[in-house]
2 protein chains.
Amino acid sequence: MTKSAAILVIGDEILSGRTQDTNTNYIARFLTSLGIDLKEARVVGDVEEEIVAALNALRARYDFVFTTGGIGPTHDDITADAVAKAFNVGIGYHPEAYALLEARYPPGEFNDMRKRMARIPHGAALVANAVSGAPGFHLGNVTVMAGVPMVMRAMLEAIAPQLPRGEQVQSITVEAAIPEGAIAPGLAALQKEHKDIAIGSYPFYREGTAAPFGAQLVVRGRDASAVERAALALEDLVRSLGAAPQRVNTADSANGK
Amino acid sequence: MTKSAAILVIGDEILSGRTQDTNTNYIARFLTSLGIDLKEARVVGDVEEEIVAALNALRARYDFVFTTGGIGPTHDDITADAVAKAFNVGIGYHPEAYALLEARYPPGEFNDMRKRMARIPHGAALVANAVSGAPGFHLGNVTVMAGVPMVMRAMLEAIAPQLPRGEQVQSITVEAAIPEGAIAPGLAALQKEHKDIAIGSYPFYREGTAAPFGAQLVVRGRDASAVERAALALEDLVRSLGAAPQRVNTADSANGK
């Protein structure tokens, strides 16, 4: 049974537009590589009741929830307290986290705000932070990570061995210099014939080229041979419309929509 | 009274990690410039019941909801139908949208899939698309826009005159070459003294520099003089810790977290 996941991004800076979130995309690719289906993502601000409500909605519904943001030393870092409240458990200094952080600072510099980073909800296990020390944690099906992308990525690496591996989604992307609307009838028919795979269509416009309108047509599914069969049928469809289908590496075209 | 807003991003390609969403950040900045507070963002896949549920949750709670994605001609474009279902209204060809689209295509090329783009929920008003013709629409407090960034931006421009202007949030960003944890106690005290403004702290690490650990400290609020007073106090705090505060243009540092 394929596992499901959700992401909860926490931070006023995302909602104000100050910061472009890139963590969601990184975690999405990471989960796809493990064969876990990301089903939903949410962004909320640094407001305790919003974090609690979103977390409780998501953790009840999906197998895994990953949060980013709000676990630093400053007053606006309130994620650990919000998680404790969501799970209705206490919170306090985690001995291992406390010792680990204390060892990082010269005598007298491990102030009360830095100690906040050792506050971990009761019952949670630490997630190592190979970059800057202060750990994340996981509690139940929720993994709590930093917002700084470099730190978040290190935490994801640390938690990876504990996550299940599912059957990976296979995908083939076929590019065609055909306007989306011209291939849409054939795509709809193809989707009806291949119910075990999902066909997506992502139009592009390339100014200054001979045929500027085109689309990346993506075939996705967990059965590699079904995906290949659908891709071959898709390539036939493109040819029948007078264009040359081209398989492309989706990793290279992720921002090409 | 400040107006609130939410964004609903619709598309499997965001959740699979294939596409990095940039629309949320663009809309966030747009709303900030109008003085409207973006409170939440969600991403769901191309699944009707998910879109309906998210839309109904968000439109009940916030003054405005902006959706992106799923209004093209292909079978996976199901946003218009989902919106009609969420509002419990019918859906059909909108005469103006139909005429507008029909005029764009040579005879015989306005096929049934392209006609899908003229399907608009009953009671909705069109949102012009200066880029590629096929309109978005708004119904109640929900504005439905394309997912292709260039088209989404044009639709946002088109709807802008109909949105209210609120008092803009003023923000001042002070950069300091001080580790976040060292300034955190002073920041917490400052936040307590200045309850009418919000102080955020965004750490950075600049490898290879003399003082690699630092933070961007952001003061935000709707009262410009209160923001300025807090920023001056913040600069004093930075100096008291032996560093030189530097005001920076946040527009230049949006991705610098």
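Coordinate-derived values only; no laboratory data. Given the structure is predicted, the values throughout are model-derived calculations rather than measurements. Note that we place each Cβ from the backbone using ideal geometry, even for glycine, and neighbour counts take in every protein chain shown.
How big is the charge dipole of segment B:3-119 about its Cα centre, in debye rounded to the nearest 20, if each Lys and Arg gets +1 on its Cβ and each Asp and Glu gets -1 on its Cβ?
For segment B:3-119, the charge dipole is close to 380 debye.
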Notebook entry, point to check: What list of ³J(HN,Hα) values in whole Hz, one per residue of segment B:49-59 in order, does the Karplus curve 6.51 cos²θ - 1.76 cosθ + 1.60 (θ = phi - 60°) give from phi, with Gly and Pro shown as x?
Noted result: 5, 5, 5, 4, 5, 5, 4, 5, 5, 6, 6
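What FRET efficiency would be calculated for the residue pair A:D236, A:S33, taking the C-beta separation as r and a Förster radius of 30 Å, to the nearest 0.05? Walk me through the numbers before you get to the answer.
Details: r = 30 Å, r/R0 = 1.00.
Computed FRET efficiency for A:D236 and A:S33: 0.50.
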Next item on the list: Would you kindly derive the ³J(HN,Hα) couplings of segment B:158-171 from the backbone phi angles with the Karplus curve 6.51 cos²θ - 1.76 cosθ + 1.60 (θ = phi - 60°), listing them in order in whole Hz, with x for Gly and Pro?
Entry: 5, 8, 3, x, 8, 8, x, 9, x, 5, 5, 6, 9, 9
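Taking each residue of A:169-181 in turn, how many C-beta atoms of other protein chains fall within 10 Å of its C-beta, and what is the average? Mind dumping the intermediate values first?
Numbers: counts 1, 0, 2, 0, 1, 0, 0, 0, 0, 0, 5, 7, 15.
Per-residue shielding by partner chains comes out at 2.
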Next item on the list: Between the label point of B:R239 and that of the same position in each other copy, find the distances and list them shortest first in nm, with every label point placed 7 Å from Cα along the Cα-to-C-beta direction.
Entry: 7.5
Note to self: Tell me whether segment B:106-156 comes out rounded, prolate or oblate; compute the Cα gyration tensor, take square roots of the eigenvalues as a ≥ b ≥ c, and use a/c under 1.5 as the rounded threshold.
What the structure shows: oblate
Margin query: Suppose we flag GluC sites (Glu not before Pro) only when DSSP calls them loop and at most 16 other Cβ atoms lie within 10 Å. Which is the longest uninterrupted stretch of chain A?
Written below: A:1-108
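Over chain B, what is the mean sequence separation of C-alpha contacts under 8 Å (at least six apart), divided by residue count, expressed as relative contact order in percent?
Values: 464 pairs, mean separation 41.2, N = 257.
With pairs under 8 Å counted, the relative contact order is 16 percent.
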Check: Highest GNM mean-square fluctuation, chain B, Cα pairs closer than 10 Å: which of B:S16, B:S171, B:S132?
Finding: B:S16
Notebook entry, point to check: Copy-to-copy spacing for A:R206, label 7 Å out on the Cα-to-C-beta vector, in nm, shortest first?
Noted result: 3.9
Check: Which of the listed residues, B:Q162, B:I10, B:T143, is farthest toward the dipole's positive end in chain B, when Lys, Arg count +1 and Asp, Glu count -1 at the beta-carbon?
Finding: B:Q162
Next item on the list: Pop out the ³J(HN,Hα) list for segment B:74-87 in order, Karplus 6.51 cos²θ - 1.76 cosθ + 1.60 with θ = phi - 60°, rounded to Hz; leave Gly and Pro as x.
Entry: 8, 4, 8, 8, 10, 5, 4, 5, 5, 5, 4, 5, 4, 8
Item checked: Dipole magnitude of the protein assembly as shown about its Cα centre (Cβ charges: Lys, Arg +1; Asp, Glu -1), debye to nearest 20 -> 100
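I want the antiparallel fraction of DSSP beta bridges within the protein assembly as shown, as a percent rounded to 5. Intermediate results must be reported in sequence, preceding the final value.
Numbers: 59 of 91 bridges.
Expressed as a percentage, antiparallel bridges in the protein assembly as shown total about 65.
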Checklist line | Euclidean distance between Cα centres, segment B:169-215 to segment B:80-98, Å | finding: 48
Item checked: Long-range amide H partners of B:I178 with built H, under 5 Å -> B:A215
Check: Which entries in A:K192/B:K115; A:K3/A:K195; A:K39/B:K192 show an alpha-carbon gap greater than 29 Å?
Finding: A:K39/B:K192
Notebook entry, point to check: How far, in whole Å, is the nearest Cβ of chain A from the axis relating it by rotation to chain B, and which residue carries it?
Noted result: A:R42, 2
Check: Going by alpha carbons, how many degrees (0 to 90, nearest 10) lie between the helix axis of B:224-240 and the longest principal axis of chain B?
Finding: 40
Checklist line | Other-chain or far-sequence residues with amide H under 5 Å of A:I91's (modelled H) | finding: A:H122
Next item on the list: Might you report the magnitude of the Cβ-based charge dipole of chain B about its Cα centre, with Lys and Arg at +1 and Asp and Glu at -1, to the nearest 20 debye?
Entry: 420
Margin query: So the label point sits 7 Å from Cα along the Cα-to-Cβ vector; using that for A:Q168, what distances do you get to the other copies, in nanometres, sorted shortest first?
Written below: 4.7
Note to self: Given the C-alpha atoms of segment A:4-162, compute the convex hull and give its volume per residue in Å³.
What the structure shows: 106
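Report the extension gain between B:D112 and B:Q162 in nm, rounded to one decimal, defined as 0.36 nm multiplied by the number of residues separating them, less their alpha carbon distance.
On the way: separation 50, 0.36 × 50 = 18.00 nm, distance 3.20 nm.
Separation in residues times 0.36 nm, less the Cα-Cα distance, equals 14.8 nm.
What value, in deg cm²/dmol to 500, does the helix sum -39500 (n - 2.57) over DSSP H runs of n ≥ 4 give at 222 nm once divided by the residues of the protein assembly as shown? Can you show the working numbers first?
Numbers: 18 runs with 186 residues, N = 514.
Value at 222 nm, helices only: -10500 deg cm²/dmol.
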Next item on the list: Would you mind pulling out the separation of the Cα centroids of segment A:105-163 and segment B:5-26, in Å?
Entry: 27
